[in-house]
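Data first, discussion second: the structure below is written as structure tokens.
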Amino acid sequence: MKRKLSKWFSLAALVLCVPGAHALSTDRDQPINIEADQAEADDIEGITVYRGDVVIIQGSLKITGDLVTIYFDENQEMKKMVADGKPATFTQKPDGPDPVQNAEASTLEFYAAEDTIVLIGDAHSWQGENSIRAQQIVYDTRRGRVKADSVRSAASDSGTDKQRVKITIGPKAPAPPPE
């Protein structure tokens with residue numbers, strides 16, 4: 001029974017492995033609340049699935065999706081979490097005065113060992129006036145790297161029409177006047 005319960009509560013590993021470089025430092029100390037229409041754990045396969053309007057909240061961190069699947073390794077450690085939705089979303093408040101970090105895509109994937117977040121399908125990430133849109137955005141939180149890719153449009157007959165990566169950088173805040 002202890003092993004089964006550990007899977008239900010192992011979502012804490014999700015928050016610990018998605019350490020967004022500027023995430024609110026107190027989030028990890030907060031309880032994790034999960035709401036879904038259905039939850040199912042499979043100990044043999046090492047999978048926990050939450051279905052139907054899934055909402056996961058820990059402090060300022062919020063993840064939503066229609067389906068959230070968590071994959072565990074043989075040591076009961078989370079190795080991957082996948083949130084699918086129309087869209088699946090991620091929001092988190094950073095420490096300090098910066099605005100909330102937001103992300104949405106058809107699929108959000110979190111890879112624990114690599115500290116990597118992958119947004120797939122109509123991916124959009126924004127914070128204040130800064131934003132990036134692409135078909136795929138990969139955040140390597142360990143190295144502080146972002147990679148955005150476009151993919152060929154399925155509607156293109158010629159194969160040359162591409163959805164392009166779009167980046168918006170907001171104006172720099174004016175420097176305070178000298179005293």
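The values are calculated or read from the model by the stated rules, or taken from the named source; none is laboratory data. What you see is a predicted model, and the numbers here were worked out from it, not measured in a lab. So basically every Cβ, Gly included, is an ideal-geometry build from the backbone, and we count neighbours across all protein chains shown. Just the protein is used for accessible areas: all its heavy atoms, side chains included, with ligands, DNA and RNA removed. Shrake-Rupley method; radii C 1.70, N 1.55, O 1.52, S 1.80 Å.
Structure above, values below:
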quantity	calculated
Residue within the range 60-74 that is out of contact with any Pro (no Cβ under 6 Å at 6 or more places or on another chain), in a strand (DSSP E or B) and farther than 24 Å from Gln38 by Cα present	no
Search result, residues across the range 141-176 that are at pLDDT below 85 and under 28 Å from Tyr111 (Cα atoms)	Thr141, Arg142, Arg143, Gly144, Val151, Arg152, Ser153, Ala154, Lys162, Gln163
The range 54-96, subset open to solvent by 30 Å² or more (accessible area, probe 1.4 Å) and in contact with a Leu (Cβ under 7 Å, 6 or more places away or on another chain), residue modelled with the highest pLDDT	Asp84
Of residues in the range 16-48 being out of contact with any helix residue (DSSP H, G or I) (no Cβ under 6 Å at 6 or more places or on another chain) and open to solvent by less than 30 Å² (accessible area, probe 1.4 Å), the one modelled with the highest pLDDT	Gly46
Breaking point among (1) part of a loop (DSSP other than H, G, I, E, B); (2) open to solvent by 60 Å² or more (accessible area, probe 1.4 Å), for Trp126	(1)
